[in-house]
Each structure stands twice: as C-alpha cells, then as structure tokens.
Amino acid sequence: MDYKIDENRIPQHIAIIMDGNGRWATERNQPRNYGHQAGVDTVRRITIECTKLGVKYLTLYTFSTENWNRPADEITALMGLVLSSLEDEIFMKNNVRFRVVGDLKRLPENVQQKLRETEEHTAKNSAMTMVVALSYSARWEITQAVKDMAREAKNGTLDPDNISEEDVSRHMQTNFMPDPDLLIRTGGEVRVSNYLLWQIAYSELYFCDTYWPDFNEADLHKAIADYQSRQRRFGKTEAQVEEENDR
C-alpha cells in the first residue's frame, strides 16, 4: 500500500528500535544470527530511503548495555555484523555521515577502531547523519552526564543552583543533534527499553508488529504518515498551536 506523505513535513530526526530479528529467524527455523544479518539488510534499505525523503538524522538502537547478557556466541556474531556493515559504501554513495553513541570501551578493540575510522571517513558527508546506539542505554548515558556535571561543579566551572535543561542536554552523548521527532519500534513490543529517555520527552511514538527484517519503505512511509496526522502541541492547547500555524 502506498501511504501519502507530505514531503514538506518530514521528521528531521527519526529514532528506531529495531526489534524482532531473533523471532523472525526462529519462525523460519533459522538461528538468531540469521535474523540479525537480515536486519542489516533492512538498515541499508531504510537508510537509503530516509536520505531520499530528506530525513537529517536517523538513530538506530543496535546493541544495548543489557544485550551484553546474551549468549556469548550471539554477541560475537553481532560484533562481526557491526564490522561487516561498516564496510558497506552506503555512507559514501549516499552522502551519509556516521556517528556512534554508547559505552564503546566495552567493545572489542577492532570494533572500536573500525567505528573511529568510519566516523572520520564520513565526517564531511552532509545529506544525513546515521547515529548508531551501540553498547548504549539511556540510564547509563544520564548517569555519565550527572558524573560529568558533578566534576564540573566540584571544579567550580558549573554552578549547581543554575543547572538548566540545556546544561543536561549539553552533557549527553547526543548533544550534536536535535531530539527525535519520531520514535519507531518494530516487532510488536510497546515500550522504549531504556532508549534515549531524556531525548524522547516530546517525541511522537509509533509501534508496529512488523519484525525489523520485514520492515520496508512502505512501512516507513506509513509511520511518517501517522506522525504527520498528529498535532504536536508541546504542552500548549490545540487552539494555541493552530493560531501559531496560521501566522
């Protein structure tokens, strides 16, 4: 089905929780890693489509800090997929800048090195920024921000009584981009799973049953069309928003 979207109201920043890879593989009597590989293919397709639509930031929840509790062989396979996906020239062909957020010190050294190289290699690309949340959790990120602010307060460079929301945002790893306009979660679960908790305070949330490997361009268009059907009020009344739009 073709979902009509207003190309003048494309969300600037889309964040996605790519859920359902393992279940997709299990339903096909395949190992979970088969689903993760299929999920990488979906990342490529959705990245290209977001670039075409004019999305400026695409943030993908790739591996959470809680995922370190998964079986060792699955973690090893996932790290291998990270490396192989970064070999793809999708970034250069589509003018996409690559960034990564998360507790990278926990990653294997070869993965860390490849992440740094990809960030440097794509730094001048400008069509869209793809951000990978890897070894990431929102509570970890907020805790790190609190520690950083506490150190600054101790050093006398930050007044605790004057800490603002802007100060907190500045200490987040995501301080280089705007907060998400739209958060999409695939796979049928209806929760945010410790993802960008500070940043999604006013994001529009969209949940669908489609497993990530099956999520395609039409599904993305459907999510954006749903987003565009909503009125974002940010605490204001409907009348106030309509009045502002009429100006």
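Points to keep in mind about this one:
- Residue match in the stretch 126-137 (condition: of a type in the set (A, V, I, L, M, F, W, C) and over 24 Å from Ile46 (Cα atoms)): no
- Qualifying residue in the stretch 146-153 (condition: more than 20 Å from Ile16 (Cα to Cα), touching a strand residue (DSSP E or B) at 6+ places or on another chain (Cβ under 9 Å), free of Cβ contacts under 8 Å to residues at least 12 places away in the same chain and surrounded by fewer than 16 Cβ atoms within 10 Å (Cβ to Cβ)): no
- Residue that is surrounded by fewer than 18 Cβ atoms within 10 Å (Cβ to Cβ) and closer than 22 Å to Leu196 by Cα, where the choices are Asn8, Asn69, Asn29: Asn69
- Test set (1) open to solvent by 40 Å² or more (accessible area, probe 1.4 Å); (2) in contact (Cβ under 8 Å) with a residue 24 or more places away in the chain; (3) touching a strand residue (DSSP E or B) at 6+ places or on another chain (Cβ under 9 Å); (4) in a helix (DSSP H, G or I) - Glu119 fails condition number: (2)
- Highlighted here are the strands (runs of 3 or more DSSP E) found entirely within the stretch 124-207 that include at least 3 residues which are modelled with pLDDT of 95 or more and under 26 Å from Asp88 (Cα atoms): 128-136, 182-185.
- Residue count for the stretch 208-231 under the criterion of being surrounded by 15 or more Cβ atoms within 10 Å (Cβ to Cβ) and outside any helix (DSSP H, G or I): the result is 4.
- A single entry from Thr76, Thr26 fulfils the requirement of being of a type in the set (S, T, N, Q) and touching a Lys or Arg at 6+ places or on another chain (Cβ under 8 Å): Thr26.
- Unmet criterion (only one of (1) over 24 Å from Asp167 (Cα atoms); (2) among the aliphatic types (A, V, I, L, M); (3) touching a strand residue (DSSP E or B) at 6+ places or on another chain (Cβ under 6 Å)) for Val132: (1)
- Residue within the stretch 84-107 that is within 14 Å of the chain's Cα centre (by Cα), among the small types (Gly, Ala, Ser), closer than 18 Å to Glu120 by Cβ and surrounded by 14 or more Cβ atoms within 10 Å (Cβ to Cβ) present: yes
- Leading residue by the ranking (modelled with the highest pLDDT) among those in the stretch 43-96 that are of a type in the set (Ser, Thr, Tyr) and farther than 28 Å from Ile200 by Cα: Thr76
- The residue list Ser164, Ser126, Ser169, Ser135 contains one member that is on the phi > 0 side of the Ramachandran plot and either of a type outside the set (Lys, Arg) or surrounded by 12 or more Cβ atoms within 10 Å (Cβ to Cβ) (or both), which is Ser135.
The values are calculated or read from the model by the stated rules, or taken from the named source; none is laboratory data. Bear in mind the structure is a predicted one, so any value in this text is a computation, not a measurement. Here the Cβ is made from the backbone with ideal geometry for all residues, glycine too, and neighbour counts use every protein chain on show. For accessibility, only protein heavy atoms count, side chains too; no ligands or nucleic acids. Shrake-Rupley method; radii C 1.70, N 1.55, O 1.52, S 1.80 Å.
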